Amino acid sequence: MEYSMYDTLLGLPLFQGMTKADFDSLLMKVKLDFARYEDGDTVISSQENCTRFAFLISGTIESSRTGENEDFEFRETICAPCLIEPYSMFGRDNRYRRSYRTVGKANFLFIDKQYVYTEIGKYNICRMNLLNILSGSIQKLDRNIWDISEMALRERIIWFIRMLADHHKGEKRLLIKMNDMARIMDATRINVSKELNALEDEGLVELSRGGIHIPLLENLK
């Protein structure tokens with residue numbers, strides 16, 4: 001394996017902090033499936049069974065998810081390196097929540113679920129990394145549930161957008177009608193429009209007839 005690829009794998013969320021000796025030992029026991037995708041290829045579809053870890057190791061992808069009533073669509077740009085929806089592998093519902101397609105060429109690494117139990121789980125650092133990833137998702141949800149009751153409309157709009165995102169950096173796009181946004185926010189259409197226009201004036205979002213474009217989610221706080 002080339003050094004650059006070796007270094008990239010060690011930098012993936014699940015393996016961060018792992019010694020090279022342990023990683024070499026792991027590579028001898030775990031089957032790594034590499035796949036290359038062209039621009040616009042669908043890598044994972046929403047509701048597809050999650051039976052393996054999917055690592056984006058180079059390139060860029062776009063994820064998309066729809067509301068329960070299909071009243072909006074949220075799109076998210078994700079850059080490598082990234083572990084795709086590790087929480088979807090466990091629990092009662094083992095299906096992906098989002099669909100993922102490539103933006104330009106991209107490379108993926110897949111590791112079958114069986115190796116998580118038989119080999120990867122034997123390493124303390126891997127177990128801790130996975131627990132930290134899953135715990136972070138739960139803590140984010142718990143924190144925001146309790147905060148929403150005291151939020152002004154502007155804050156609720158920002159909270160809603162940030163809660164839809166799996167990764168809190170980079171470009172996002174929310175395709176939604178203003179009437180649906182007002183209903184979700186439990187506010188009037190006029191007041192929602194006023195707050196969104198204020199966010200646009202501050203350069204935090206860009207409004208169009210099709211929805212809301214967020215150039216950098218990290219600026220929307």
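The values are calculated or read from the model by the stated rules, or taken from the named source; none is laboratory data. Source: prediction; values computed, not measured. When we count neighbours, we look across all protein chains shown, and the Cβ atoms used for this are built from the backbone with ideal geometry, even at glycine. For accessibility, only protein heavy atoms count, side chains too; no ligands or nucleic acids. Shrake-Rupley method; radii C 1.70, N 1.55, O 1.52, S 1.80 Å.
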Open item on the list: Looking at the range 163-178, can you tell me whether even one residue there is more than 20 Å from Ser63 (Cβ to Cβ), outside any strand (DSSP E or B) and either out of contact with any His (no Cβ under 8 Å at 6 or more places or on another chain) or touching a residue at least 24 places away in the same chain (Cβ under 8 Å) (or both)?
Closed with: yes
Task: Residues within the range 73-113 that are among the acidic types (Asp, Glu), in a strand (DSSP E or B) and either open to solvent by less than 40 Å² (accessible area, probe 1.4 Å) or under 29 Å from Arg162 (Cβ atoms) (or both), tallied - done: 2
Task: Test result for Val116, surrounded by 12 or more Cβ atoms within 10 Å (Cβ to Cβ) and in contact with a helix residue (DSSP H, G or I) (Cβ under 8 Å, 6 or more places away or on another chain) - done: yes
- [ ] List the number of the failed condition for Arg52; all other conditions in (1) in contact (Cβ under 8 Å) with a residue 24 or more places away in the chain; (2) open to solvent by less than 70 Å² (accessible area, probe 1.4 Å) hold.
- [x] (2)
Open item on the list: Filter the range 184-203 down to the residues that are in a helix (DSSP H, G or I) and touching a residue at least 24 places away in the same chain (Cβ under 8 Å) and list them by number.
Closed with: Ile184, Met185, Asn191, Val192, Glu195, Leu196, Ala198, Leu199
- [ ] From Met18, Met5, grab the single residue that is closer than 30 Å to Tyr123 by Cβ, outside any strand (DSSP E or B) and touching a residue at least 60 places away in the same chain (Cβ under 8 Å).
- [x] Met18
Task: Boolean, Leu207 is out of contact with any helix residue (DSSP H, G or I) (no Cβ under 9 Å at 6 or more places or on another chain), among the hydrophobic types (A, V, I, L, M, F, W, C) and open to solvent by 30 Å² or more (accessible area, probe 1.4 Å) - done: no
- [ ] Go through the range 138-150 and give me each residue that's at pLDDT 65 or above and farther than 17 Å from Leu164 by Cα.
- [x] Glu150
TODO: Could you tell me whether the range 32-45 includes any residue that is touching a helix residue (DSSP H, G or I) at 6+ places or on another chain (Cβ under 8 Å) and either open to solvent by less than 10 Å² (accessible area, probe 1.4 Å) or part of a strand (DSSP E or B) (or both)?
DONE: no
Open item on the list: Go through (1) surrounded by 12 or more Cβ atoms within 10 Å (Cβ to Cβ); (2) part of a loop (DSSP other than H, G, I, E, B) for Lys221 and report which single condition fails.
Closed with: (1)
Open item on the list: Would you confirm, using the coordinates I've provided, whether Asn129 is buried (at least 18 other Cβ atoms within 10 Å of the Cβ) and among the polar types (S, T, N, Q)?
Closed with: yes
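Residue-by-condition table, conditions (1) touching a strand residue (DSSP E or B) at 6+ places or on another chain (Cβ under 7 Å); (2) modelled with pLDDT of 90 or more:
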position: Phe72; (1), (2): yes, yes
position: Thr77; (1), (2): yes, yes
position: Asn107; (1), (2): yes, yes
position: Asn124; (1), (2): no, yes
position: Gly136; (1), (2): no, no
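Report the residue count in the range 1-25 for those that are among the polar types (S, T, N, Q) and either within 22 Å of Ser135 (Cβ to Cβ) or at pLDDT 85 or above (or both).
Of the range 1-25, the ones among the polar types (S, T, N, Q) are 4, 8, 16, 19, 25.
Okay, now just the ones that are also either within 22 Å of Ser135 (Cβ to Cβ) or at pLDDT 85 or above (or both), so 16, 19, 25.
Total meeting the criteria: 3.
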Task: Unmet criterion (only one of (1) under 23 Å from Thr77 (Cβ atoms); (2) open to solvent by 80 Å² or more (accessible area, probe 1.4 Å); (3) not charged (D, E, K, R)) for Ile157 - done: (2)
